[in-house]
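Taking it in order: structure first as structure tokens, then the write-up.
No value in this document is a laboratory result; all are computed from the given coordinates. Keep in mind that this is a model prediction, so the values were computed, not measured. Methodologically, a virtual Cβ is constructed for each residue, glycine included, from the backbone with ideal geometry; neighbour enumeration extends over all protein chains shown.
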Amino acid sequence: MSGLTDFINRNYIEGIINDTSYNHFDMITYVIILFVGVYAILKLLNKLRIKVDEEFVIATIPYIFMGSVFRVVEDANLLKPPVKYFFITPLIFFVVFAICFGILLFTRYLEKLHKIRNYIPIYASAGVVLSLAGVAIIVYYNPSNWNFDILIYSLVPAVILTDIVKKVSPAIGMTCIRSRMYSFALFSFMLDSLTTYIGVDLMGYTNKHPFSSFLTTIFGTGAILVPLSLILVMIIIFLLERDSMEDKDKGEKYMLALTLIVLGFSMGARNLLTMVFGV
């Protein structure tokens with residue numbers, strides 16, 4: 001039993017308390033938790049008769065950004081134990097979900113009471129407000145060391161690469177990429193890979209993810225993550241579209257697409273905010 005306790009402490013608890021790099025054990029565990037949670041949430045949303053479609057996915061994106069903002073608030077040492085532990089992976093997933101789901105239920109309830117016409121815009125707007133509030137906290141308590149050039153070096157290439165892929169998508173039989181949902185998923189992975197490259201190769205940041213660190217070591221540069229991320233996200237989108245053609249219930253496709261955005265945008269936005277605000 002003591003061996004199991006030591007294993008859990010070494011591979012899970014210490015990583016949260018010390019906010020260190022992920023290892024293979026906790027990384028795999030968190031991915032499993034994420035996908036199990038995705039399917040559980042989909043079942044719950046179906047039971048509550050909340051439609052999961054592209055509009056829902058787009059409206060949830062502000063909460064992903066909110067999670068990244070909260071993570072940077074913790075990175076900036078603006079929180080003290082034990083509160084700070086709730087803003088480190090994996091606990092931050094539960095915090096963000098609780099906020100997101102609570103607001104979703106509340107706005108849906110207001111719609112049923114005919115207090116509002118459509119809950120989706122209110123739901124999305126609440127996520128935007130909370131995100132901006134988090135950014136305001138970072139700005140207020142970290143007023144120096146800003147580097148807004150990073151916005152140009154990362155956002156512009158990410159947008160350009162996304163636009164190029166969208167324009168050539170008919171030639172490769174993947175016009176679905178032109179949808180808002182898949183376009184943002186593609187942008188998210190481009191942002192994550194570009195900010196990782198800039199942060200690790202050019203600014204001396206440490207990559208906490210073992211797989212991307214391994215690739216960077218093998219190829220000698222984080223730039224390799226850009227084409228590999230592009231290939232990966234294209235394959236996943238292709239598989240999602242192929243499987244959804246045989247599935248009458250499209251909810252699973254949209255939830256998996258949302259998960260794809262979470263994996264890319266949460267890390268990309270965190271990287272971006274960390275470098276912009278010099279955290």
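Tabulated values for the structure
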| quantity | calculated |
| --- | --- |
| Any hit, segment 214-224, residues being out of contact with any strand residue (DSSP E or B) (no Cβ under 7 Å at 6 or more places or on another chain) and in contact (Cβ under 8 Å) with a residue 60 or more places away in the chain | no |
| Candidate set from segment 65-94 (those that are within 14 Å of the chain's Cα centre (by Cα) and of a type in the set (A, V, I, L, M)); member that is nearest to Val279 (Cα to Cα) | Val72 |
| Residue in segment 142-157 that is of a type in the set (Val, Ile, Thr) and under 22 Å from Val57 (Cα atoms) present | no |
| Leading residue by the ranking (farthest from Tyr123 (Cα to Cα)) among those in segment 24-50 that are without any contact (Cβ under 8 Å) to a residue 60 or more places away in the chain and part of a loop (DSSP other than H, G, I, E, B) | Arg49 |
| Met234 touching an Asp or Glu at 6+ places or on another chain (Cβ under 6 Å) and under 22 Å from Ile61 (Cα atoms) | no |
| Some residue of segment 101-108 being out of contact with any helix residue (DSSP H, G or I) (no Cβ under 9 Å at 6 or more places or on another chain) and touching a residue at least 40 places away in the same chain (Cβ under 8 Å) | yes |
| Phe97 vs. criteria in a helix (DSSP H, G or I), under 30 Å from Tyr85 (Cβ atoms) and of a type in the set (Phe, Trp, Tyr) | yes |
| Hits in segment 76-90 - residues which are free of Cβ contacts under 8 Å to residues at least 40 places away in the same chain, in a loop (DSSP other than H, G, I, E, B) and under 16 Å from Ile137 (Cα atoms) | Asn77, Leu79, Lys80 |
